[in-house]
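All remarks here apply to the structure that follows.
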Amino acid sequence: MSISHLWGFYFNPRQQWHNLQQKHSSLVESISHLSFFSAIAPCCLALSMWFFGIEWSEKTRFIQPLQIIGIATCMYLSIITAVILLAFLARAMTKDYGKPASIDLAMELACNTVTPLLCTGFAWLFPEGWFLLLVGLLGLIYSIYLLFLGTPILLEIPDERGFMFSTTLVTVGLVLLALLFFANAFVWMWVLR
């Protein structure tokens, strides 16, 4: 995905989905897109932890560089795993909602849908809880909007079936997001003990 695709999703998402429907991305392009955008949050988190530390029990605690690298690596791998799982689940569900989709198409749908949520990783440069929650919520809302808008276009299914498909995928995605938070919290607790 190029930067023009990214701007297209923010300023004219319907037209961008039609452009992607006409010229699909390959699996390699989707994986490289996912690899790049998934690195935003872990890198910003690592920088934030390095320069600002972590407030733990009402005092600022600075963490060793190897621990920071461990936390960021676990976060990066868990994000990639969650998006790939979402793509496989989307592919499995397409058989019930219309014509079966290839893994390339399902991965393209998952990667382009979660991109706004992945871009909210820049918020880790300002590590305040209320700010992270607000920015993350806005990114999640826009990602859900892109999913509802793009599913019928990209999968070439009627809007009603696209709505049902998207609703199911949002439910599964929220469960994956909760598991992602749990896994990262577990890693943090293990490192900060």
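The values are calculated or read from the model by the stated rules, or taken from the named source; none is laboratory data. Only a predicted model underlies this, so the values are computations on that prediction, with no experimental measurement involved. With ideal geometry, Cβ positions are generated from the backbone for all residues, glycine too; neighbour counts draw on all protein chains shown. All accessible areas refer to the heavy atoms of the entire protein, side chains included, with ligands and DNA or RNA removed. Shrake-Rupley method; radii C 1.70, N 1.55, O 1.52, S 1.80 Å.
I'd like to verify a number: residues in region 95-132 that are in contact (Cβ under 8 Å) with a residue 12 or more places away in the chain, surrounded by fewer than 20 Cβ atoms within 10 Å (Cβ to Cβ), part of a helix (DSSP H, G or I) and more than 14 Å from the chain's Cα centre (by Cα), how many?
Of the residues in region 95-132, 3 are in contact (Cβ under 8 Å) with a residue 12 or more places away in the chain, surrounded by fewer than 20 Cβ atoms within 10 Å (Cβ to Cβ), part of a helix (DSSP H, G or I) and more than 14 Å from the chain's Cα centre (by Cα).
Test H24 against the stated conditions and say whether it is in contact (Cβ under 8 Å) with a residue 24 or more places away in the chain, open to solvent by 70 Å² or more (accessible area, probe 1.4 Å) and outside any helix (DSSP H, G or I). Step through it out loud before you land on a result.
Values: in contact (Cβ under 8 Å) with a residue 24 or more places away in the chain: yes; open to solvent by 70 Å² or more (accessible area, probe 1.4 Å): yes; outside any helix (DSSP H, G or I): yes.
So H24 passes the test.
Among the residues of region 168-186 satisfying the criterion of being crowded, with 16+ Cβ neighbours inside 10 Å and not aliphatic (A, V, I, L, M), which is modelled with the lowest pLDDT?
Looking at residues that are crowded, with 16+ Cβ neighbours inside 10 Å and not aliphatic (A, V, I, L, M), I get N184.
Report yes if some residue within region 141-159 is of a type in the set (V, I, T), loosely packed, with under 15 Cβ neighbours inside 10 Å and at pLDDT 90 or above; otherwise report no.
Looking through region 141-159, at least one residue is of a type in the set (V, I, T), loosely packed, with under 15 Cβ neighbours inside 10 Å and at pLDDT 90 or above.
If we scan region 35-48, do we find a residue that is open to solvent by 90 Å² or more (accessible area, probe 1.4 Å), farther than 18 Å from D104 by Cβ, assigned to a loop (DSSP other than H, G, I, E, B) and at pLDDT 85 or above?
No, every residue in region 35-48 fails to be open to solvent by 90 Å² or more (accessible area, probe 1.4 Å), farther than 18 Å from D104 by Cβ, assigned to a loop (DSSP other than H, G, I, E, B) and at pLDDT 85 or above.
Name the single residue, out of those in region 1-18 being part of a helix (DSSP H, G or I) and open to solvent by less than 60 Å² (accessible area, probe 1.4 Å), that is modelled with the lowest pLDDT. I'd like the intermediate steps shown before the answer.
Taking region 1-18 and keeping what is part of a helix (DSSP H, G or I), we get 3-11, 13-18.
Next cut, open to solvent by less than 60 Å² (accessible area, probe 1.4 Å) only: 5-6, 8-9, 13, 16-17.
Numbers: H5: 68, L6: 73, G8: 77, F9: 81, P13: 86, Q16: 86, W17: 85.
Per the criteria, the residue is H5.
Tell me which residues, restricted to region 56-81, are in a helix (DSSP H, G or I), surrounded by fewer than 19 Cβ atoms within 10 Å (Cβ to Cβ) and touching a residue at least 24 places away in the same chain (Cβ under 8 Å).
Looking only at region 56-81, we keep the residues that are in a helix (DSSP H, G or I), and these are 65-81.
If we keep only those that are surrounded by fewer than 19 Cβ atoms within 10 Å (Cβ to Cβ) too, we end up with 65-67, 69-70, 73-74, 77, 80-81.
Matches in region 56-81: Q67, G70, T73, C74, I80.
Would you check if L89 is assigned to a helix (DSSP H, G or I), open to solvent by 90 Å² or more (accessible area, probe 1.4 Å) and modelled with pLDDT of 85 or more?
On the way: assigned to a helix (DSSP H, G or I): yes; open to solvent by 90 Å² or more (accessible area, probe 1.4 Å): no; modelled with pLDDT of 85 or more: yes.
The answer is no for L89.
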